[in-house]
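Before any comments, here is the structure.
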Amino acid sequence: MQKNNLAFIASVFIAIAILLGAWNAHGMEDLVIHKSISEKYLKTFYTGVQYQFFNSLGLLILSFISDRHKFMKTGIWFIGTGMFIFSFSLYILSFHEIIGSGFRILGAITPVGGLLMACGWILAAFSFLKKNNA
C-alpha cells in the first residue's frame, strides 16, 4: 500500500473514531436512559472507539515509514485488519440488546482482532531492528 493511501485511510479512521466517540458521549446517553442499552455496552462501545483511535493514529505515523521493511508492511496489514475486526465487532456487540442476540457471536471474534493488532505491532517493532530494507 502506498504511503498516501495508508495516511488517507488512517486519517479517515481517526475521523470516524472521533465522531463515534462524540456520539458515544452524547447521543448514546438516551439509549441508556430509555433502557435500550445497558451502561456495560456503552463502555464496550467506548473501548472500540479507543482502540480504533489509537491504532489509527499509530497507522498514520507508520505511513511515513512504511517502506522500511517487509515486516513493517505485514505489520501494517495486521494492525489495520485487527483494528477493524476488534473495534467494529465491539460496536455491533454493543447493540445486541437492540438488534437481537444473533450478533453475540461477535464477542468470540473480538479477541482475534486484538491478537492481530498485537502481532502487527510486534512485526512493526522488529522492522526497526532490521538494518536493511529486505
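How would you rank His96, His69, going from fewest to most other Cβ atoms within 10 Å of each one's own Cβ? Write down the numbers at each step before the final one.
Numbers: His96 18, His69 21.
Going from sparsest to densest Cβ surroundings: His96, His69.
Once you order the gyration tensor axes a ≥ b ≥ c over the Cα atoms, which shape class does segment 1-64 get: rounded for a/c under 1.5, otherwise prolate or oblate by comparing a/b with b/c? In terms of gyration-tensor shape, prolate. P(r) for the chain, from all Cα pairs and a bin width of 5 Å, is 2, 11, 19, 20, 17, 12, 9, 6, 3, 2, 1, 0 %, short bins first. Annotation: the residues Leu6, Leu57, Leu90, Leu129, sorted from fewest to most other C-beta atoms within 10 Å of their own C-beta, follow the order Leu129, Leu57, Leu6, Leu90.
For the options Ser36, Ser56, Ser89, a Gaussian network treatment of the chain with springs between C-alpha atoms closer than 10 Å singles out Ser36 as fluctuating the most.
Take every Cα pair under 8 Å in the chain that's 6+ residues apart, average their separations, divide by the length, and report that relative contact order as a whole percent.
Details: 171 pairs, mean separation 37.9, N = 134.
This gives 28 percent for the chain.
Between the beta carbons of Phe88 and Phe126, assuming R0 = 25 Å, the FRET efficiency works out to 0.40 to the nearest 0.05.
Shown here for segment 1-56: trypsin sites (Lys or Arg not before Pro) in loop regions (DSSP other than H, G, I, E, B) with at most 13 other Cβ atoms within 10 Å, namely Lys35. Net charge in the neighbourhood of Gly80 (other residues with Cβ under 15 Å of its Cβ; Lys, Arg +1, Asp, Glu -1) is +2.
Read-outs: derived from the displayed coordinates by stated rules, not from any lab. Everything numeric in this text was worked out from a predicted model, so none of it was measured. Positions of Cβ are generated from backbone atoms using ideal geometry, with glycine treated the same way; all protein chains shown enter the neighbour counts.
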